[in-house]
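The values are calculated or read from the model by the stated rules, or taken from the named source; none is laboratory data. What you are looking at is a predicted structure, and each value in this text was computed from that prediction instead of being measured. Note that we place each Cβ from the backbone using ideal geometry, even for glycine, and neighbour counts take in every protein chain shown. The accessibility values were calculated without ligands, DNA or RNA, using every heavy atom of the protein model including side chains. Shrake-Rupley method; radii C 1.70, N 1.55, O 1.52, S 1.80 Å.
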Amino acid sequence: MDDLRERYIAAIAAAADEAGLEEIRLAALGRKGEISLQMRELGRMAPEARAAAGAALNALKDEIDAALRARREALADAALDERLKAEWLDVTLPARPRRTGSIHPVSRVTEEVTAIFADMGFAVAEGPQVESDWYNFDALNIPPEHPARQEHDTFFMARAPGDGRPPHVLRTHTSPVQIRAMAERGAPIRVIAPGRVYRMDMDQTHTPMFHQVEGLAVDRDISMANLKWVLEEFCRAYFGVDHVELRFRASHFPFTEPSAEVDIRCSWEGGALRIGEGESWLEILGSGMVHPKVLAAAGVDPDQWQGFAFGMGIDRIAMLKYGIPDLRAFFESDLRWLRHYGFAANAVPSLAGGLGG
Ligand code: DAH
């Protein structure tokens, strides 16, 4: 029996796989296995010898059983280790570098401007970028022969040959939204209209596409004084200074009468712009009292209503506030530029939360 034990224990230890173990099990414990056959012999033994041999055989059977189970588990563990090694996945790969985007200065400033004017009761109005020449020019008191049409360096959209109607244009300013907003909502009205505009122009301070924000307030007794207060209030909030000084310079726009260009007092000491102090003036917008013809074109009775309007360059005031030198870089989509001048996506500007600077 010792011989049997030694042979089987050694064979089990040497078995390389599940199939090998099964062969050993059958050879020892199967119906015709060595140990099973010996068990069958017990019947022919004398009772005392049978009791001793039976117990010893049972113990041997249990021992081989246990050895088989242990070896089977060891083989399974080893196989699992093999698999884990083969199917190893490197979950420690670093995440891709900085995948968060940033908010473009134009978007950021548009939000700032919107927050400030919303606080003064202005809603946001929109209009199409491809505009009819009636909205872009005629309704704004710029008739076909008016020199302002040439000054605007307009992009014209192609018409089907022989169409006969005037071509659409890429809007040259946000002023046509004044007409659309009044025609849609009537008076009284207070809106701003931020958006893209287009002119054929390209140098350090001009790009063929740029951004303006239009302002319009129409009511029964609106005057230049209201315009002045609103613009001062805006500049104070936008530039984050307590004191601003605006200079209204007489000017001319077909859609306002009287018209004024507005400059803001500033200094350029050491290359840094400071708003509200110094001896320089910087033009920031055009404005005036809405021309009666413009009100009438939008279906608002000029005998009952009057209002002010203004148009301001968003990119321009973004450059001023955030010290960005070249306008062209705004629209080159250079990631390094966007990372440097962009804003965190979760920093939404609000008057209460601060407009940043
Ligand atoms: N539309 C003018 C431009 O693009 C800007 C402007 C001037 C808008 C006076 C106005 C305004 O609403 O009253 O140059």
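For the reader, a short list of remarks on this structure follows.
- Residues within region 134-169 that are touching a residue at least 40 places away in the same chain (Cβ under 8 Å) and either closer than 21 Å to residue 208 by Cβ or in contact with a helix residue (DSSP H, G or I) (Cβ under 8 Å, 6 or more places away or on another chain) (or both), tallied: 12
- Among the residues of region 58-93, those identified as part of a helix (DSSP H, G or I) and farther than 15 Å from residue 12 by Cα are 58, 59, 77, 78, 79, 80, 81, 82, 83, 84, 85, 86.
- Test: residue in region 240-260 that is more than 11 Å from the ligand (Cβ to nearest atom) and hydroxyl-bearing (Ser, Thr, Tyr): no
- Residues that are more than 28 Å from residue 293 (Cα to Cα), over 33 Å from the mean Cα position of the chain (by Cα) and more than 14 Å from the ligand (Cβ to nearest atom) do not occur anywhere in region 213-220.
- From the list 136, 141, the one residue that fits, being within 16 Å of the ligand (Cβ to nearest atom) and on the phi > 0 side of the Ramachandran plot, is 141.
- Listed conditions (1) among the polar types (S, T, N, Q); (2) open to solvent by 80 Å² or more (accessible area, probe 1.4 Å); (3) touching a helix residue (DSSP H, G or I) at 6+ places or on another chain (Cβ under 7 Å) are all met by residue 92, apart from (3).
- Residue that is surrounded by the most Cβ atoms within 10 Å (Cβ to Cβ) [pool: residues in region 119-147 that are out of contact with any Leu (no Cβ under 9 Å at 6 or more places or on another chain) and small (Gly, Ala, Ser)]: 139
- Residues satisfying the stated conditions in region 30-57, i.e. out of contact with any Leu (no Cβ under 8 Å at 6 or more places or on another chain), part of a helix (DSSP H, G or I) and surrounded by 13 or more Cβ atoms within 10 Å (Cβ to Cβ): 56
- Selection status of residue 237, within 13 Å of the ligand (Cβ to nearest atom), farther than 23 Å from residue 136 by Cβ and either without any contact (Cβ under 8 Å) to a residue 60 or more places away in the chain or not polar (S, T, N, Q) (or both): no
- Among (1) open to solvent by less than 30 Å² (accessible area, probe 1.4 Å); (2) assigned to a helix (DSSP H, G or I) - the single one residue 340 does not satisfy: (1)
- Given (1) over 18 Å from residue 122 (Cα atoms); (2) within 12 Å of the ligand (Cβ to nearest atom), index of the condition residue 309 fails: (1)
- Some residue of region 324-332 being within 16 Å of the ligand (Cβ to nearest atom) and either in contact (Cβ under 8 Å) with a residue 12 or more places away in the chain or over 22 Å from residue 215 (Cα atoms) (or both): yes
- Residue selected from region 155-198 under the condition basic (Lys, Arg) and within 13 Å of the ligand (Cβ to nearest atom), by the criterion surrounded by the most Cβ atoms within 10 Å (Cβ to Cβ): 171
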